[in-house]
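Working notes, structure below.
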Protein chains: 6
Amino acid sequence: MSPQPPEKNSSHLPALPKSPTGIPGLDEITEGGLPKGRPTLVCGGAGCGKTLLSIEFIVRGALQFGEPGVFMAFEEKADELTQNVASLGYNLEQMQQEKRIKLDHVHIARSEIEETGEYNLDGLFIRLGYAIDTIGAKRVVLDTIENLFSGLDNQGILRAELRRLFDWLKEKKVTTIITGERGDGTLTRHGLEEYVSDCVILLEHRVSNQISTRLMRIVKYRGSVHGTNEYPFLIDKEGISVLPVTSLT
Amino acid sequence: MSPQPPEKNSSHLPALPKSPTGIPGLDEITEGGLPKGRPTLVCGGAGCGKTLLSIEFIVRGALQFGEPGVFMAFEEKADELTQNVASLGYNLEQMQQEKRIKLDHVHIARSEIEETGEYNLDGLFIRLGYAIDTIGAKRVVLDTIENLFSGLDNQGILRAELRRLFDWLKEKKVTTIITGERGDGTLTRHGLEEYVSDCVILLEHRVSNQISTRLMRIVKYRGSVHGTNEYPFLIDKEGISVLPVTSLT
Amino acid sequence: MSPQPPEKNSSHLPALPKSPTGIPGLDEITEGGLPKGRPTLVCGGAGCGKTLLSIEFIVRGALQFGEPGVFMAFEEKADELTQNVASLGYNLEQMQQEKRIKLDHVHIARSEIEETGEYNLDGLFIRLGYAIDTIGAKRVVLDTIENLFSGLDNQGILRAELRRLFDWLKEKKVTTIITGERGDGTLTRHGLEEYVSDCVILLEHRVSNQISTRLMRIVKYRGSVHGTNEYPFLIDKEGISVLPVTSLT
Amino acid sequence: MSPQPPEKNSSHLPALPKSPTGIPGLDEITEGGLPKGRPTLVCGGAGCGKTLLSIEFIVRGALQFGEPGVFMAFEEKADELTQNVASLGYNLEQMQQEKRIKLDHVHIARSEIEETGEYNLDGLFIRLGYAIDTIGAKRVVLDTIENLFSGLDNQGILRAELRRLFDWLKEKKVTTIITGERGDGTLTRHGLEEYVSDCVILLEHRVSNQISTRLMRIVKYRGSVHGTNEYPFLIDKEGISVLPVTSLT
Amino acid sequence: MSPQPPEKNSSHLPALPKSPTGIPGLDEITEGGLPKGRPTLVCGGAGCGKTLLSIEFIVRGALQFGEPGVFMAFEEKADELTQNVASLGYNLEQMQQEKRIKLDHVHIARSEIEETGEYNLDGLFIRLGYAIDTIGAKRVVLDTIENLFSGLDNQGILRAELRRLFDWLKEKKVTTIITGERGDGTLTRHGLEEYVSDCVILLEHRVSNQISTRLMRIVKYRGSVHGTNEYPFLIDKEGISVLPVTSLT
Amino acid sequence: MSPQPPEKNSSHLPALPKSPTGIPGLDEITEGGLPKGRPTLVCGGAGCGKTLLSIEFIVRGALQFGEPGVFMAFEEKADELTQNVASLGYNLEQMQQEKRIKLDHVHIARSEIEETGEYNLDGLFIRLGYAIDTIGAKRVVLDTIENLFSGLDNQGILRAELRRLFDWLKEKKVTTIITGERGDGTLTRHGLEEYVSDCVILLEHRVSNQISTRLMRIVKYRGSVHGTNEYPFLIDKEGISVLPVTSLT
Ligand SMILES: Nc1ncnc2c1ncn2[C@@H]1O[C@H](COP(=O)(O)OP(=O)(O)O)[C@@H](O)[C@H]1O
Ligand SMILES: Nc1ncnc2c1ncn2[C@@H]1O[C@H](COP(=O)(O)OP(=O)(O)O)[C@@H](O)[C@H]1O
Ligand SMILES: Nc1ncnc2c1ncn2[C@@H]1O[C@H](COP(=O)(O)OP(=O)(O)O)[C@@H](O)[C@H]1O
Ligand SMILES: Nc1ncnc2c1ncn2[C@@H]1O[C@H](COP(=O)(O)OP(=O)(O)O)[C@@H](O)[C@H]1O
Ligand SMILES: Nc1ncnc2c1ncn2[C@@H]1O[C@H](COP(=O)(O)OP(=O)(O)O)[C@@H](O)[C@H]1O
Ligand SMILES: Nc1ncnc2c1ncn2[C@@H]1O[C@H](COP(=O)(O)OP(=O)(O)O)[C@@H](O)[C@H]1O
Ligand SMILES: [Mg+2]
Ligand SMILES: [Mg+2]
Ligand SMILES: [Mg+2]
Ligand SMILES: [Mg+2]
Ligand SMILES: [Mg+2]
Ligand SMILES: [Mg+2]
């Protein structure tokens, strides 16, 4: 059989839906935002801006796009988070009262891990499900994933559990950011999350000649064209702003 | 005995048969495509294009070369895959209905691994065999191999199991792409698959001076001359296209 | 719904309160000092200046800002500390007598670790709480954190214990410096403390072409703008002085 | 006693006998070929040319030098090997029928390793001995050694077993090539084989600035002068040819 | 409360007492010698000069400063040490007879370690205490620390034992040099000793462009200003001499 | 007490006795040869020249300096060694018959290691002692040390055993070369031998820009001045010759 050009018949297929972040520059390099209804991994070292980017995603989602959001924090408490972004002009407390967002601080006690050797994912689902339903959330943040899976060594089991989490989030039809800590030579500590996620954004705080630069890169975006270079970004009193300084490829 | 020039008598020997991919540029640097009826390993980091290249191999196989294909996915579900390539002009759903391709999403539950410590290869053979037979597939993709062998530590046993999988695929006479995740300092996580495979293609997404480039290299091709350099490739709204910019060696 | 600019309503929100260190230059690059009532991690290799910076924080807190402070040392004894900073013009003994500061040397015997496999955090709380209450301390130093957690391997448990320590300190409403030893390729030995801390300061003693330079970097500061570059600093007969030579970003 | 110049009395001593490979350039840089009756290790990464060099050694040995040879393959089956070198003008099938060479594919099943934890070397000796005797082989290839020793962790035992294999081959008076896979920072996976072998040839496929080069180096040759640099080589439709571009040292 | 300049009141505080080494240049960069009555760690690779520096510290202490010293060697025997420094003009045997120094070779037998898993520190204290008292030693060398702690893996316990050793030495009021072997990426094998020691001197033998240079660096000196750069030093027929070629910081 | 210049009184002390190797250049950079009656470690990767240097030490010792020598080989058999140096003009067989040297090949069987987990050092002493006494050997080579200690993991025990071996050799008053295989980032596999040895010579075969160079460095020489740089050396039909191209330091 002689080769034929592939018949293109996608005219009636919907393009991949996206959730805009509202963060200046980021929606440009992602060509419209994060994959709607899917989990995005935001990873990087300590202080690279994971939490800030996640909060802006939730706050701007609520304020600019009318989408309520749940921020599930394992690191910072609600009042700490509130205080940390006050200078950016965000009043998280007021937004909570208006039921536009919900901050949920999960405290994991030592005993919880010692009993079963790992954090109980089912408990998380109940708690997160309740938070989502309460405000009709369309956006979710889990900050950070390390708190959920620190006890799992077996790569196969970890992969299965990551899928379980991601599948649950997809069924809930929420657009999710999951933050992850940088590994040694890998994007994440386990080096697995980046393979299972639909979208991966890497934040870096690079120092060269004693001058630091913040850089963002879309490592992976299933189903979409996007800017593939490293884009400098700023964190200042206006929050995060990305400079999409190079043209899209 | 005095040395003699080797008597060449291969005139009647058939050249190594190949399966064209239809991907612009790739069939040029492989001098005709992937080794027919043999497994090819496509490896690289998260977001390098493993899944996309594999899908094009199946879709183009069906549309351009009339070869039905099975895509066995451990990562993405059928509807997700469909959505991810819709913008490329491929309608996977329609192609499934026309029995030109078959998408099979395998969900591996935690319990499956916990029971035996590893994924059941025999179960895979039954399921994959059934899928192949249903549409008379000539091409197969397994995306990704990490899902099959994450529980195996012993190098000898892993090698034996890899051979078992590869032998089964060869007996089925299907041309196969198996995708693999990048290891630390090795082509794959286990650092073994590249030695057992007949053909190895490495995809990379390299960032230098904040500019990213996608590069493809044929690391190994048993039985065939091929381009040996790194070739830049693009992923855009037309899918993958390789630039065979240097001459063959 | 059409996107709207985020409504800024933070005018009535308090800015993040800070504790000035009094160390020349450091309060400039931190825009006012360390986060008040929160723990700051000061990390670096042997001899980088962790202990000295911590002592100045306590001494200057007491002398310049009228805030009594507790220095809990696992490394050096009270008289050794006193002798080590005598040449800087600090008389720790006298300051102790005036109840402006309190030096507490904790001796951890081998048996203590052998019995339970780890240092008893509850014992620390009682002892530290007593020291804080005695002088009404507003500042605390723990030098170094390695002494507390050397027995803990499990990342999940270590994270839980770090949080327990940090939560206790926050409840006590003391501004704390915790020193940490440099890890291999990570900021700290466990590579965890920097993720849990609210503020992370890295000290380095870098040698290039046989000339050494001391450099300080604010790796992370939750809730605040700060200088992000590497700033040279000196340790001389006046103690530590930082040169905020580049402008704030 | 006053030092005297060493009395040279080797005139009647035989030089180290060698087996020519017939591969263009290789016999030049080895000054005559591989050490006759001794094992040579050919090592390198996937696709560097180990198998091809080994086959040429056997084929050219049979055709050019009248020495029958046994190729014991753990990777490729006889018909695959045949197909892989068909384009080079070698008809392995015909050569087998003429009893000039013997291809022996050893299939190692998982159960074999699981039972004893390692591959049975005595079984190999019987099988290989039979193959050697059948055609009066003077040359042998074992491709690759990793299949034999993957279960052995103890360095002392591995060394003892390597010696047992090498001694057996020497007693059989066959000139042998054993191929080995590249280790991380070492020439071989175990980092031992290169110390026990009499001759070690390293093959590399190096990529720089996106251009690849194949390089060969004689790492070690007990008892003989040889070229010590890295020599570029080609694999094309004529097989392997080495360019002895630098003069011997 | 408004900030006040810190009230300096150290006029009556004694500066940190030091023990001069008498080694040309070293007392300059340390501004007077090693910390009196405290332990100093001298670390570096094989052949960097640890033992030689330690012997000069003892010999010059006895001859130039009238301070008797004990050299406790785990590596070299008394007569070997004597022979090794004979060419430097030191007659250790005679100095022993004059009770100015004492060489004590400790032989650790395999059985000693096998019984308890570690070397008996209490036994060391008795033996060393006796040696110190015999000659009224003011200086002590332990060459090398690796012999004492090779069996200890647990970081917490090792730290506790190091402190026990250092506290014992401080109580004995002897100025001590402890030598330590270089670790991989750390100053010492355990990467702990440098954090516990009051003073750390690193010796290096660096080779660049086939030319070697010996370099010395004061990594850390609690309580004192010192030269912080790398200083070249020589070992020749006069022993060690340091070139304090850069000015103090 | 005011400092006095150290009273030099070594005039009557004997300089460190040395055993010349007779190898051109080597006795120059060692200022007379290896330390007489002490063990020297010669280490390096596969093919760097350890065995050749050791044989020349024995052969030249016997022929040039009238000192009989024992070569205890774990790698090569007597006839192989003989053949390997035949082209250098050395007739080892004849020298054996003249009782000027003794070649002793020790075969370590797997069972020997499996029984006790390690090689029996006492057995070695008996065998080596017998060989030494037979010909009144003054020089000994052990090629290579890895064969003796591969089973020992515990650093403390390994150190104790190394000392036991070295002490035995010193009591026998033989000048010894022990060869050792290169470790990863360390001079030897265990990274211990170089600390215990009195003299350490490192051989390297470095490749740069595809050109190889052989380099020798005296890493350490207790008790003696020596050349400290890297010196190029050749292995050709005359054996080893070192080019002492830089002046002594
Ligand atoms: N539909 C699409 N259109 C354009 N680019 C796409 C599309 N889908 C994926 N890509 C690009 O291809 C990259 C690789 O995707 P994928 O094949 O899923 O990577 P991998 O399987 O190697 O993780 C994505 O990160 C994105 O940059
Ligand atoms: N028949 C052939 N014709 C030309 N080149 C070939 C042929 N067979 C193999 N090659 C080339 O030689 C390379 C090395 O093959 P092989 O010897 O199988 O590698 P290895 O055994 O080291 O993994 C292949 O990757 C390919 O580039
Ligand atoms: N309110 C703020 N105003 C300005 N900059 C801030 C603010 N909060 C945080 N930052 C900056 O953002 C950085 C990243 O903070 P964060 O998002 O908490 O990092 P991560 O979660 O990745 O550890 C901080 O180190 C600081 O430099
Ligand atoms: N009293 C002092 N005067 C001048 N410099 C000092 C004094 N004390 C310490 N230093 C310098 O500060 C360095 C760091 O000391 P320290 O704070 O104890 O380090 P760390 O706690 O990080 O190990 C010392 O190595 C020394 O160079
Ligand atoms: N007889 C010889 N003539 C010339 N060169 C030789 C001879 N024997 C060995 N060589 C060279 O010396 C190198 C080192 O050999 P050897 O001493 O056996 O190395 P090692 O013991 O360090 O593994 C060989 O690889 C070869 O290049
Ligand atoms: N008597 C001496 N004369 C001159 N140089 C010597 C003498 N003794 C040792 N050296 C030099 O000093 C180096 C270091 O010796 P040593 O102090 O024993 O090292 P370390 O204890 O760090 O292993 C030796 O390798 C040698 O270069
Ligand atoms: Mg965060
Ligand atoms: Mg994929
Ligand atoms: Mg300190
Ligand atoms: Mg091969
Ligand atoms: Mg020493
Ligand atoms: Mg050798």
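Hey, quick one: spin label on residue D:96, modelled 7 Å out along Cα-Cβ, who in the stretch B:154-172 has an amide N within reach, i.e. under 11 Å? Taking a point 7 Å out along Cα→Cβ of residue D:96, no residue of the stretch B:154-172 has its backbone N under 11 Å. For chain A, a crude dipole built from +1 on the beta carbon of Lys and Arg and -1 on the beta carbon of Asp and Glu, taken about the Cα centre, is about 780 debye to the nearest 20. Taking label positions 7 Å along the Cα-Cβ direction at both residue A:153 and residue E:164, the computed distance is 2.9 nm, reported to one decimal.
Just checking the listed ones, E:171, E:115, E:67: in the Gaussian network model of chain E with Cα springs under 10 Å, the one fluctuating most is E:115. Each residue of the stretch B:65-82 was assigned a 3J(HN,Hα) from its phi angle through the Karplus expression (A = 6.51, B = -1.76, C = 1.60, θ = phi - 60°), giving 10, x, 9, x, x, 10, 10, 9, 10, 9, 8, 9, 7, 4, 5, 5, 4, 4 Hz with x at Gly and Pro. Per residue, the convex hull around the alpha carbon atoms of the protein assembly as shown comes to 182 Å³. Of the residues F:88, B:53, the one with the fewest other Cβ atoms within 10 Å heads the list, and the complete ranking is F:88, B:53. Largest GNM mean-square fluctuation across A:87, A:111, A:197, computed for chain A with C-alpha springs under 10 Å, falls on A:111.
What does the structure give for E:118-128 when I average, per residue, the other chain Cβ atoms found within 10 Å of the residue Cβ?
Numbers: counts 1, 1, 0, 1, 0, 0, 0, 0, 0, 0, 0.
Mean number of neighbouring Cβ atoms from other chains: 0.
What fraction of the DSSP beta bridges in the protein assembly as shown is antiparallel, stated in percent and rounded to the nearest 5? Don't skip to the answer; put the middle values down first.
On the way: 114 of 258 bridges.
Among the beta bridges of the protein assembly as shown, antiparallel pairing accounts for roughly 45 percent.
The chymotrypsin sites (Phe, Trp or Tyr not before Pro) of the stretch F:89-125 include none that meets both conditions, a loop assignment by DSSP and at most 10 other Cβ atoms within 10 Å of the site Cβ.
With Cα atoms defining each centre, the stretch E:62-115 and the stretch B:163-203 are spaced 62 Å apart in the structure.
Would you mind giving the mean number of other chain beta-carbons within 10 Å of the Cβ of each residue in B:42-55, as a whole number?
Details: counts 0, 0, 0, 7, 14, 14, 2, 1, 1, 1, 2, 0, 0, 0.
That average works out to 3.
If both residues of a DSSP beta bridge must be in the stretch F:28-242, then about 40% of such bridges are antiparallel. Between copies, the label points at residue C:31 (set 7 angstrom from Cα along Cα-to-Cβ) are spaced 3.6, 3.6, 6.3, 6.3, 7.3 nm, reported in nanometres from shortest to longest. Between copies, the label points at residue D:238 (set 7 angstrom from Cα along Cα-to-Cβ) are spaced 3.8, 3.8, 6.6, 6.6, 7.7 nm, reported in nanometres from shortest to longest. Considering only F:245, B:85, D:44, and ranking their Cα positions along the charge dipole of the protein assembly as shown that arises from unit charges at the beta-carbon of Lys, Arg, Asp and Glu, the one farthest toward the positive end is F:245.
Averaged over the residues of B:223-229, the number of partner chain Cβ atoms lying within 10 Å of the residue Cβ comes to 5.
Mind giving me the FRET efficiency for residue E:209 and residue B:208? R0 is 30 Å, r the Cβ-Cβ distance, nearest 0.05 is fine. Display every interim value, and only then the final one.
Values: r = 28 Å, r/R0 = 0.95.
Using R0 = 30 Å, I get an efficiency of 0.60.
Could you sort out which of A:77/A:237; B:102/D:102; B:18/B:237; A:36/B:50; D:18/D:237 sit more than 31 Å apart by Cα distance in this structure? Present the calculation step by step, with values, prior to reporting the outcome.
On the way: A:77/A:237 22 Å; B:102/D:102 43 Å; B:18/B:237 27 Å; A:36/B:50 23 Å; D:18/D:237 27 Å.
Where the Cα-Cα span goes over 31 Å, the pairs concerned are B:102/D:102.
Is it possible to state the helix-based mean residue ellipticity at 222 nm for the protein assembly as shown, with each DSSP H run of 4+ residues giving -39500 (n - 2.57), the sum divided by total residues, to the nearest 500 deg cm²/dmol? What is it?
Working: 54 runs with 492 residues, N = 1494.
My calculation for the protein assembly as shown gives -9500 deg cm²/dmol from helical runs alone.
Put in order of Cβ neighbour count within 10 Å, fewest first, the listed residues C:169, E:41 become C:169, E:41. Normalised by the number of residues in the stretch E:37-204, the average gap of Cα pairs under 8 Å and 6 or more apart makes the relative contact order 41 percent. Label positions at residue C:77 and residue E:120, each projected 7 Å from the Cα along the C-beta direction, are separated by 2.7 nm.
Ranked by the mean number of other Cβ atoms within 10 Å of their residues, highest first, the peptides E:26-34, B:209-217 come out as E:26-34, B:209-217.
Values quoted throughout were computed directly from the atomic coordinates according to the rules given, and no laboratory measurement underlies them. Since the model is a prediction, treat every value here as computed from it, not as a measurement. Cβ atoms come from the backbone with ideal geometry, glycine included; neighbour counts cover every protein chain shown.
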